[in-house]
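The values are calculated or read from the model by the stated rules, or taken from the named source; none is laboratory data. Quick caveat: nothing in here was measured; it's all calculated off a predicted structure. Reconstructed Cβ throughout: ideal geometry from the backbone, glycine too, with neighbour counts over all protein chains shown. Remember, those area values only see protein heavy atoms, side chains included, never the ligands or the DNA or RNA. Shrake-Rupley method; radii C 1.70, N 1.55, O 1.52, S 1.80 Å.
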Amino acid sequence: MPAEPTPELLPQAASWLRRRSWSAADRPVRTLLDAKERTGRTVSVVLPALDEEATVGDIVRTVRRELMERLPLVDELVVVDSGSSDATAAVAAEAGARVEHRDAILPRLPTAPGKGEVLWRSLLVTGGDIVCFVDADLREFDPAFVSGIVGPLLTDESIQLVKAMYDRPLETDSGVIVPAGGGRVTELVARPLLNLHWPELAGFVQPLGGEYAARRSLLERLPFPTGYGVELGLLVDALELVGLDALAQVDVGVRHHRHQDGQALGRMAATIYRTALERLDRAHRLKASADLIRPHLTQFTRDPEPRPTAAGTPIFTPRTYDITTLERPPMHTVPEYAARH
């Protein structure tokens, strides 16, 4: 039988995917430095950290060596410690970061647990025109995770927020590597929610990724969910505030990091789901009628042999599937069943 035709991305999202997806290599660092000098824009890098002594030092040293000392791209490097019980703060300071402690920022307001709380408070202790967030648990850290995502913000005034996209392998305790096995909450929760309720955002390869950069002028106008919902919340709210064309994504390669256990992922999923529900409720869009959801899901795989775009960017290939919600009636209402019983 011939294969059934698959639905396409929402035209607006498909157009965005072609025009607003780049590779870090599309903007050489020299181009970024020239743009930085021309515009006078400053860049702050923020690492939210909780018990990350094993990895935070390498990230800080790499950013300082490659993007502050060798190339003057980053003006400020801050680790915000959210109550670590290990040596995270000491390791980060020794590696060359300025360390701020969450509870000491805006002390009149009691702190709430969660990553979003740390990111929100970081705006009070940084000064860059562009703020770049990087998770502190990354291993084999590449400076392109910073230079790649600040690039569009330095070179294109129309861009307001840039997410990193990457391959995310799952590395098991037994040493087995599943190439596309990471990002389980993204695939099981966030991507379906975005595709169904905010299909304009279906082109984001890593909507929950912790590596993204934005203009301070945007971040200071956005609410920050305090917990795991912060990435989805910021993305949805930025769409509402500045529109899809002000958002972009950049391919930075492969992301290696510590994976959480199933129960932690469950808590993350629940928080993200609640964050989405709050935004749907706020917009009076909770009822799942035909005009409020788009019943398709777009997923991404990297081509084994990258197909360059006009800009020379390797592309993640989207494939879109119908998401059906057909329900059968109770069997006792089916005449044929009633006739036999």
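The table below lists the values:
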quantity: Any hit, region 67-75, residues being more than 25 Å from G227 (Cα to Cα), in a helix (DSSP H, G or I) and more than 23 Å from the chain's Cα centre (by Cα); calculated: yes
quantity: Scan of region 6-29 for residues that are touching a helix residue (DSSP H, G or I) at 6+ places or on another chain (Cβ under 9 Å), among the polar types (S, T, N, Q) and open to solvent by 40 Å² or more (accessible area, probe 1.4 Å), ordered by number; calculated: Q12
quantity: Residue list for region 84-120, restricted to those being touching a strand residue (DSSP E or B) at 6+ places or on another chain (Cβ under 7 Å) and not in a loop (DSSP other than H, G, I, E, B); calculated: T88, A89, A92, A93, R98, V99, E100, H101, R102, K115, V118, L119
quantity: Candidate set from region 156-170 (those that are open to solvent by less than 10 Å² (accessible area, probe 1.4 Å) and in a strand (DSSP E or B)); member that is farthest from E37 (Cα to Cα); calculated: Y166
quantity: Where a residue in region 260-280 is under 17 Å from K115 (Cβ atoms) and assigned to a helix (DSSP H, G or I) and its partner, wherever it lies, is modelled with pLDDT of 85 or more and hydroxyl-bearing (S, T, Y), with Cβ under 7 Å and at least six apart; calculated: M268/Y228; T271/Y228; I272/Y228
quantity: The listed residue being of a type in the set (A, V, I, L, M), touching a Leu at 6+ places or on another chain (Cβ under 9 Å) and within 15 Å of Y212 (Cα to Cα), out of V134, V60, V79; calculated: V134
quantity: Region 12-31, residues that are of a type outside the set (V, I, T), more than 22 Å from the chain's Cα centre (by Cα) and within 26 Å of Q206 (Cα to Cα); calculated: P28
quantity: Pair list, Cβ under 7 Å, 6 or more apart: region 211-225 residue open to solvent by less than 20 Å² (accessible area, probe 1.4 Å), other residue assigned to a loop (DSSP other than H, G, I, E, B) and among the acidic types (D, E); calculated: E211/D135; R215/D129
